[in-house]
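Heads up, the thing below is written out as structure tokens.
Read the figures in this text as sums done on the coordinates, not as results from a lab. Please read these numbers as outputs of a predicted model, since none were measured by experiment. A quick note on method: Cβ atoms are made from the backbone with ideal geometry, for glycine too, and the neighbour counts reach across all protein chains shown.
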Amino acid sequence: GQLYGDILYFATAAQAGWAHSDPRPFYFWGYFVGLNGLWVVVPGALLLDSCCQPAAAQRAHDRPRHKAH
């Protein structure tokens, strides 16, 4: 849900021609893109990790076990 909201936020701002953002480069790239981009990067990384965890668990489960005699 967070990623969906972020995509809509950036898409509507782009569609409006960035009219409601500060035109100064530092504020635009630092605040608007940089700080708001964290809300895309962190959930994206967590989503990627949550997709990789079941695959790693399945590989560990499928590995042949050595029997202890």
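Just to be sure I understand, if you calculate P(r) over Cα pairs in 10 Å bins from 0, in percent for this structure, which of (1) 19, 51, 23, 6, 0; (2) 17, 31, 19, 13, 10, 6, 3, 0; (3) 14, 18, 17, 17, 19, 11, 4, 0 do you get?
(2)
Tell me the angle of helix 36-62 to the major Cα principal axis of the chain, expressed in degrees between 0 and 90 and rounded to the nearest ten.
Here the helix axis deviates by roughly 10 degrees.
Which of the peptides 53-65, 8-20, 31-43 is most tightly packed, and how do the rest follow, judged by the mean count of other Cβ atoms within 10 Å per residue?
Highest mean packing first, the order is 31-43, 8-20, 53-65.
For the Cα atoms of the chain, what angle does the longest principal axis make with the long axis of helix 2-15, in degrees from 0 to 90, nearest 10?
30 degrees
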